[in-house]
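The values are calculated or read from the model by the stated rules, or taken from the named source; none is laboratory data. Keep in mind that this is a model prediction, so the values were computed, not measured. Because the Cβ atoms are built from the backbone with ideal geometry, glycine has one as well, and the counts that use them run over all protein chains shown. We work out accessible area using only protein heavy atoms, side chains counted, and drop any ligands, DNA or RNA first. Shrake-Rupley method; radii C 1.70, N 1.55, O 1.52, S 1.80 Å.
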Amino acid sequence: LYRFLGHETPPTIDTADTYETARAAHDFDVLIPTGLSAKWHVTTASYQDKTLRLGFVSPSNGQLRVVETGPVTPSLYADELGAGAHPSGATVAVNGVTWQRFAGGRAEEASLVLANPKRTVIVVGRSSDADLQTLASSLK
């Protein structure tokens, strides 16, 4: 869309208010992408219904989302990854932490999920595996 409107790079939005709202709610420890190059762009940010959602465009024009929320709910994976989404059985280590790969979600989307009793973090999108892992590793 941004190219249709005559722009070469996607707009980057200010996420400060969204992070402040999510932190103030104390629903989970909020992770913030840190150390990404200036070629990464945050295009959307919202916090509602105890869920933080951020949209990104990677340097390779991949479209990704980060979803942070509390413990897994019965509909979380279907809502965020698509009907039929489930752990594939494969994992990847990111910063020494094991993330699960999910399969069966939306077509052409790949996803990594970090779930524990206190929070769930999802990195999902139409992008390369390297982009998924770079974004996941930036969350601090």
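Does S138 meet the test of being open to solvent by 10 Å² or more (accessible area, probe 1.4 Å), among the small types (G, A, S) and either in contact with a Leu (Cβ under 7 Å, 6 or more places away or on another chain) or under 23 Å from I13 (Cα atoms) (or both)? It is false that S138 is open to solvent by 10 Å² or more (accessible area, probe 1.4 Å), among the small types (G, A, S) and either in contact with a Leu (Cβ under 7 Å, 6 or more places away or on another chain) or under 23 Å from I13 (Cα atoms) (or both). Residues of the range 8-60 that are in a loop (DSSP other than H, G, I, E, B) and within 21 Å of E80 (Cα to Cα): T15, D27, F28, D29, V30, L31, I32, D49, K50, S58. Counted as qualifying within the range 78-134 are the strands (runs of 3 or more DSSP E) with 3 or more residues that are out of contact with any Phe, Trp or Tyr (no Cβ under 7 Å at 6 or more places or on another chain), namely 86-94, 97-103, 120-126. Residue pairs whose Cβ atoms lie under 6 Å apart, sitting 6 or more positions apart in sequence or on different chains, and linking a residue in the range 44-64 that is closer than 13 Å to L135 by Cα and touching a residue at least 12 places away in the same chain (Cβ under 8 Å) to a partner that is open to solvent by 80 Å² or more (accessible area, probe 1.4 Å) and in a loop (DSSP other than H, G, I, E, B), are P59/K39. Scanning the range 35-64 for residues being touching a Phe, Trp or Tyr at 6+ places or on another chain (Cβ under 9 Å) and open to solvent by 70 Å² or more (accessible area, probe 1.4 Å) gives a total of 4. Filtered by the rule that a residue be open to solvent by 30 Å² or more (accessible area, probe 1.4 Å) and over 18 Å from R119 (Cα atoms), the range 72-90 gives A83, G84, S88, G89, A90. Residues that are of a type in the set (S, T, N, Q) and open to solvent by 10 Å² or more (accessible area, probe 1.4 Å) were ranked within the range 112-127; the one that is nearest to A78 (Cα to Cα) is N116. Checked against (1) open to solvent by less than 80 Å² (accessible area, probe 1.4 Å); (2) closer than 20 Å to D131 by Cα; (3) among the polar types (S, T, N, Q), T69 passes all but a single condition, namely (2).
Can you pull out the residues in the range 21-56 that are touching a helix residue (DSSP H, G or I) at 6+ places or on another chain (Cβ under 7 Å) and closer than 16 Å to S138 by Cβ? Within the range 21-56, V30, I32, P33, T34, G35, L36, A45, L52, F56 meet the criteria.
The number of residues in the range 1-28 that are out of contact with any strand residue (DSSP E or B) (no Cβ under 9 Å at 6 or more places or on another chain), at pLDDT below 95 and surrounded by 10 or more Cβ atoms within 10 Å (Cβ to Cβ) comes to 2.
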